[in-house]
Each structure stands twice: as C-alpha cells, then as structure tokens.
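The values are calculated or read from the model by the stated rules, or taken from the named source; none is laboratory data. Nothing here was measured: the structure is a model prediction, and the numbers come from that model. Neighbour counts run over all protein chains shown; Cβ positions are idealised from the backbone, glycine included. Please note that ligands, DNA and RNA were not included when accessible areas were found on the heavy atoms of the full protein model with its side chains. Shrake-Rupley method; radii C 1.70, N 1.55, O 1.52, S 1.80 Å.
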Amino acid sequence: MDDLNVIIHDNYTRIQNRIAAACLRAQRDPKSVRLVAVTKYARLEWVQALVELGCRDLGESRTPQLEERASLLSPELRWHFIGPLQRNKVRRTIPHCSLIHSVDSLKLLQSIDRIAGESELKSEVLIEVNLAGEASKKGFSRESLTAEWESLCQISHVKIAGLMTMAPHVEDPERARPVFRELRELRDKLQQYSPEHVSLQELSMGMSGDFETGIEEGATLVRVGSALYEGLESSD
C-alpha cells in the first residue's frame, strides 16, 4: 500500500476498534452502530480509499459536492446528508440520499415530503434537536419538538427514522454525555405517543471527539470526519 492507503487503513481500523470497545463497555452489539464517514473536507482519493476498505456510509453537508461524488462513486454506497439543508436544494438532494440527518423545521420536512411525493421517492430523515441551547446550532428545542411532534408525524412520503443532535465542542467528551443522554430519553418519550408508522430507531450523535460517549449513550450512527484523515494534508 502507498502512504495514503496506509494512513487511511490505520485510521479506519483504529476508529472501528474504538467503536467496538465502546459497544463492549455499553454491552451493545457493534453491528448496532454505523460509522458515517464525513467527507466534506476530504479529497476524492481519500474517500475512494475508505470505500475500498469497506466503508459504505458517507456523510456530505453540501449539495453540489454530494451530487458530484454520488455520480463518481459506486451506486451501492449510502449517502447521508448531514449539513443544513435549504428548502430550495431539497429537489437536488433527496435523490442521492439514504438518510437526511438535519431536518430542523416543520417547513423543511413538509418540503421534503411534497417533493418526495412528486418525485415518487421514499425519503428517510432524522429530526435535528438543539439540546445544547447554542445559538450557533440549528434544530428544534426540546419544547418546540414536543409541541410540533403531532404535525411532524403527519407526512406521507417521508419516514422519520429517529433524532440527531450535536453536542457542544468541548475537550472533555464527558461533558457531551448529558446532551446525548437527553436525546435518547427524548426519543424514548416521543416514541410512546408516536403513530404506528413512526419508528424512531436511529440516534445520530457523536463526532470525532466524542463518538465513544455517544455510543455509550445509545447512538446508532456516529459522524466521524477528522479522525479518519489524521496525518493527511487538508484539502481546504
């Protein structure tokens, strides 16, 4: 292997081992957690190296780059849209996505539902929740999500598959634990009075600095970017 492939292989293996160890601590099956490799700042050859190692879930946060890379790489890959999604880009985004993590308003969900119906697509989404209370982060507050939950569930072409959150950027991942725990507890509460067609199986929480804590608190999807590319020169 050349230097690039060696670095990507070592990083990918290290992350997978850390996921497995976190699952062991939480008495969970490692297969219950999916690694979403964030590719926003990654060069195409880095992404190709990950795919060659068996990575099948890739996360993009910009529609133009998602369109380009989805056309260049295997159609068998599962693309996750993890960035803020503008309503005027929904039509371009949903044909390429396995899962949209960042539905942050009722209007956005309704737009996705309408366009999915027009395009005869069945879209899956996660509802983004801002539990950290930071103005820089998007998403429903706990209170607004609870208040609007009945309206959110009144869609016909979109499957609400779970919730997503972003913890505060802190050096100690333990400080993210209360946010992750609150998301899991909120998911459990919402599930109790959701209609039958809404099954909140997914929890997207945890990034490069805190994904192990996310797993210990119930994450089924962890979004890891920088830790996969350590030792490589940034593309930006």
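Across bins of 10 angstrom width beginning at 0, how are the C-alpha pair distances of segment 113-180 distributed, in whole percent?
19, 40, 27, 13, 2
Can you give the translational diffusion coefficient of segment 139-236 in µm²/s, computed by Stokes-Einstein from the Kirkwood radius over Cα pairs at 20 °C and 1.002 mPa s?
The estimated diffusion coefficient comes to 145 µm²/s.
In deg cm²/dmol and to the nearest 500, what is the mean residue ellipticity at 222 nm of the chain if only DSSP H runs of at least 4 residues count, each as -39500 (n - 2.57), divided by the residue total?
Values: 8 runs with 93 residues, N = 236.
Computed mean residue ellipticity for the chain: -12000 deg cm²/dmol.
Let me check against my output: what whole-number percent is the relative contact order of segment 30-171, with C-alpha pairs under 8 Å and at least 6 apart? Walk me through the numbers before you get to the answer.
On the way: 220 pairs, mean separation 25.5, N = 142.
About 18 percent, as a whole number.
Given the options Pro168, Asn130, His9, identify the residue whose Cα lies farthest towards the positive end of the charge dipole of the chain (+1 on Cβ of Lys, Arg; -1 on Cβ of Asp, Glu).
Comparing the listed Cα positions along the dipole, Asn130 ranks first.
Would you work out which of Ser226, Ser144, Val179 lies farthest towards the positive end of the dipole of segment 143-232? Charges go on Cβ: Lys and Arg +1, Asp and Glu -1.
Checking the options against the dipole of segment 143-232, the answer is Ser144.
List, in order, the whole-Hz ³J(HN,Hα) value for each residue of segment 213-225 obtained from phi through the Karplus relation with A = 6.51, B = -1.76, C = 1.60 and θ = phi - 60°; use x for Gly and Pro.
5, x, 5, 4, 9, x, 4, 9, 9, 10, 9, 10, x
How many angstrom separate the Cα center of segment 170-184 from the Cα center of segment 105-132?
Here the two parts' Cα centres lie 26 Å apart.
Taking amide H positions as placed in the peptide plane 1.01 Å from N, state which residues far from Ile100 in sequence (5 or more) or on other chains have amide H under 5 Å from it.
Amide H to amide H, under 5 Å and 5 or more residues apart or across chains, Ile100 pairs with Phe81, Glu124, Val125, Leu126.
Using a cut-off of 30 Å between alpha-carbon atoms, which lysines can reach Lys189, once sequence neighbours fewer than 8 places away in the same chain are excluded?
Cα-Cα hits under 30 Å: Lys31, Lys107, Lys122, Lys137, Lys138, Lys159.
Counting other Cβ atoms within 10 Å of each Cβ, which GluC sites (Glu not before Pro) in segment 110-155 have at most 12 and sit in a DSSP loop? Walk me through the numbers before you get to the answer.
Details: sites: Glu118, Glu120, Glu124, Glu128, Glu134, Glu143, Glu148, Glu150; in loops: Glu120, Glu134.
Passing both the DSSP loop test and the Cβ count: Glu120.
Under 5 Å between amide hydrogens, which residues at least 5 positions from Glu202 or on another chain qualify, with H placed 1.01 Å from N in the peptide plane?
Gly162, Leu163
Name the residues whose placed amide hydrogens come within less than 5 Å of the amide hydrogen of Leu131, ignoring near sequence neighbours (fewer than 5 apart) on the same chain.
Under 5 Å from the amide H of Leu131: Met166.
Tell me the chymotrypsin sites (Phe, Trp or Tyr not before Pro) within segment 137-193 that lie in a loop according to DSSP and have at most 13 other beta-carbon atoms within 10 Å. Intermediate results must be reported in sequence, preceding the final value.
Values: sites: Phe140, Trp149, Phe180, Tyr193; in loops: Tyr193.
Those satisfying the criteria are Tyr193.
Once the Cα gyration tensor of segment 100-142 is found, what semi-axes does its equivalent ellipsoid get, as square roots of 5 times the eigenvalues, in whole Å, sorted largest first?
Working: eigenvalues 120, 15, 8 Å².
Here the semi-axes work out to 24, 9, 6 Å.
Please give the per residue accessible area of segment 133-208, computed with a probe of 1.4 Å over protein heavy atoms only, in Å². Could you put the intermediate results ahead of the total?
Values: 4070 Å² over 76 residues.
Averaged over the residues of segment 133-208, the accessible area is 53 Å².
What is the ratio of the Cα radius of gyration of the chain to 2.2 N^0.38 Å, where N is its residue count, to two decimals? Don't jump to the answer; show the numbers that get you there.
Working: Rg = 17.4 Å, N = 236, 2.2 N^0.38 = 17.5 Å.
That ratio works out to 0.99.
Percentage of Cα-Cα pair distances in segment 1-127 greater than 26 Å, rounded to whole percent? Write out the running numbers ahead of the final one.
Details: 2399 of 8001 pairs.
Beyond 26 Å sits 30 percent of the P(r) for segment 1-127.
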